[in-house]
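Here's the structure, in structure tokens; my notes come after.
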Amino acid sequence: MIKLKPIRLKYLLLLVGLFSINLLNAQSYGFLKNKWLNDKSDTARINAGLRLHEKYYYQSNDSLQSENQLLTRIYSLSVKTKYSLGIIESSFYLGNNFTSQIVPKKAIEYYYISLKESEKTENDKFVAQTKMGIGIVYFIQSNWTKAIDFFKGSLLINRKLNDLKSMSTQQYLIGYSLIAL
């Protein structure tokens, strides 16, 4: 039996761990993509598509156009199946993408879809996030009064959720908007 020194054993375990993490990530991408493309359950497809977006599209340097294509397909399938969470998340992410592309009309359109569905299902987390997104669109347009209204709406919900990080961002943006006014 080979006896490894403690330091070498630590490095060996670290390398095995890193290899395992990379293998799991690769399998996860393939698994999610396959599930998105081939699962018989529409809800499972939608959830896999959303996780695929969050894990591999949203955090990568992939083009916003390919991300929009994926999200539009997820959104359409969610509407067809009347799957609220799919509608909420896909329209919210589409709003984010159109905000990034400086297409405010489309961003607002998708944010309002997400907001309406979030309010209907009482999903406070997404109500707050969507109000924040709408506020940011108005902020970018220098429409300070509307931006403040949406930031305050989001802030009230995040106080209830005790989301301190979001609250500090909203307070900063409210203050900046008030100064700009």
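Here is how the numbers come out for the structure above:
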item: Residues located in the stretch 137-168, provided they are open to solvent by 60 Å² or more (accessible area, probe 1.4 Å) and not basic (Lys, Arg); result: Ile140, Gln141, Ser142, Thr145, Asp149, Leu156, Leu161, Asn162, Leu164, Ser168
item: Subset of the stretch 55-83 [open to solvent by 30 Å² or more (accessible area, probe 1.4 Å), in a helix (DSSP H, G or I) and at pLDDT 90 or above]; result: Gln69, Thr72, Arg73, Tyr75, Ser76, Val79, Lys80, Thr81
item: Which numbered condition Leu32 fails, given (1) more than 14 Å from the chain's Cα centre (by Cα); (2) in contact (Cβ under 8 Å) with a residue 24 or more places away in the chain; (3) under 20 Å from Glu117 (Cα atoms); result: (3)
item: Residues of the stretch 118-140 classified as without any contact (Cβ under 8 Å) to a residue 24 or more places away in the chain and not in a helix (DSSP H, G or I), total; result: 1
item: Qualifying residue in the stretch 97-119 (condition: among the aromatic types (Phe, Trp, Tyr) and open to solvent by 50 Å² or more (accessible area, probe 1.4 Å)); result: yes
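The values are calculated or read from the model by the stated rules, or taken from the named source; none is laboratory data. Only a predicted model underlies this, so the values are computations on that prediction, with no experimental measurement involved. A quick note on method: Cβ atoms are made from the backbone with ideal geometry, for glycine too, and the neighbour counts reach across all protein chains shown. Side chains are part of the model used for accessible areas, which takes the heavy atoms of the whole protein and leaves out ligands, DNA and RNA. Shrake-Rupley method; radii C 1.70, N 1.55, O 1.52, S 1.80 Å.
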